[in-house]
Amino acid sequence: MGPFDLIFTGALIVATTGAMTWFPDIPGGTEGHHEALTARFERSGDDGIDEHPSYGDAAVAYVDRIVDRQLTKARGILSFDGLILAFLGLIARDNTKLDIAKAHMVPVLLLMGLLAGSSAICLFLFRARWGYVADLKTFSREMAATLALTRRRSFWIERTVRLSLLSLGGIVMLVIATVVGI
């Protein structure tokens, strides 16, 4: 392992640590979102959202659409990771003109590990989740629970995007380093 590989590996570890630990959280959690959505679906002069099933159903359906959009994003990230991994597999073979696998084996394995980690997180987001019975008693509680789920999934989707982009940037750097002869 040459000096470029050591520097690349160190920079990749630092960048990955930064990407996985820093996250701009929602100030105050999801309480403000809950209040805004509740106010949006309540009619003026009416009782609360829990007393009107049509208002509650509309609010919960809106939040559920957000969860569906998150799952669609995770599917897109999985496809992106698969394409990058396939490209990395093609350029890292022994019989290609760019001999990246022999020249930079440790960075190639680290990048494959990042892609595998990103894909594993996406697959974890697809697991079936049934809410607690207590969360389903009122529309407000169900909406609060779904918003909390949305917040957690956003947290992990952001990390998978960062890992995928970090991997893509690393592959570009490895290709350039191999072409230049570093």
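Observations
- Residue that is nearest to the chain's Cα centre (by Cα) [pool: residues in the stretch 110-134 that are outside any helix (DSSP H, G or I) and of a type in the set (G, A, S)]: A128
- Flag if D25 is open to solvent by 80 Å² or more (accessible area, probe 1.4 Å), under 30 Å from L115 (Cα atoms) and at pLDDT below 70: yes
- Filtered residues of the stretch 135-153 (kept if part of a helix (DSSP H, G or I), over 13 Å from C122 (Cβ atoms) and touching a residue at least 24 places away in the same chain (Cβ under 8 Å)): F139, S140, E142, M143, A144, T146, L147, A148, L149, T150, R151
- Taking the criterion of being touching an Asp or Glu at 6+ places or on another chain (Cβ under 7 Å) and closer than 18 Å to V63 by Cα, the residues of the stretch 134-182 that qualify are D135, L136, T138, F139, S140, R141, E142, A145, T146.
Yes/no matrix, rows are residues, columns are (1) within 19 Å of R65 (Cα to Cα); (2) open to solvent by 30 Å² or more (accessible area, probe 1.4 Å):
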| position | (1), (2) |
| --- | --- |
| L111 | no, no |
| R127 | yes, yes |
| F139 | yes, yes |
| R151 | yes, yes |
| M173 | no, yes |
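- Checking I157 against (1) open to solvent by 50 Å² or more (accessible area, probe 1.4 Å); (2) in contact with a helix residue (DSSP H, G or I) (Cβ under 9 Å, 6 or more places away or on another chain), the condition it does not meet: (1)
- Condition met for L98 (hydrophobic (A, V, I, L, M, F, W, C), assigned to a loop (DSSP other than H, G, I, E, B) and at pLDDT below 80): yes
The values are calculated or read from the model by the stated rules, or taken from the named source; none is laboratory data. The shown structure was predicted, so the numbers you read here are calculated from the model rather than taken from an experiment. Virtual Cβ from ideal backbone geometry, glycine too; neighbours counted across all protein chains shown. Remember, those area values only see protein heavy atoms, side chains included, never the ligands or the DNA or RNA. Shrake-Rupley method; radii C 1.70, N 1.55, O 1.52, S 1.80 Å.
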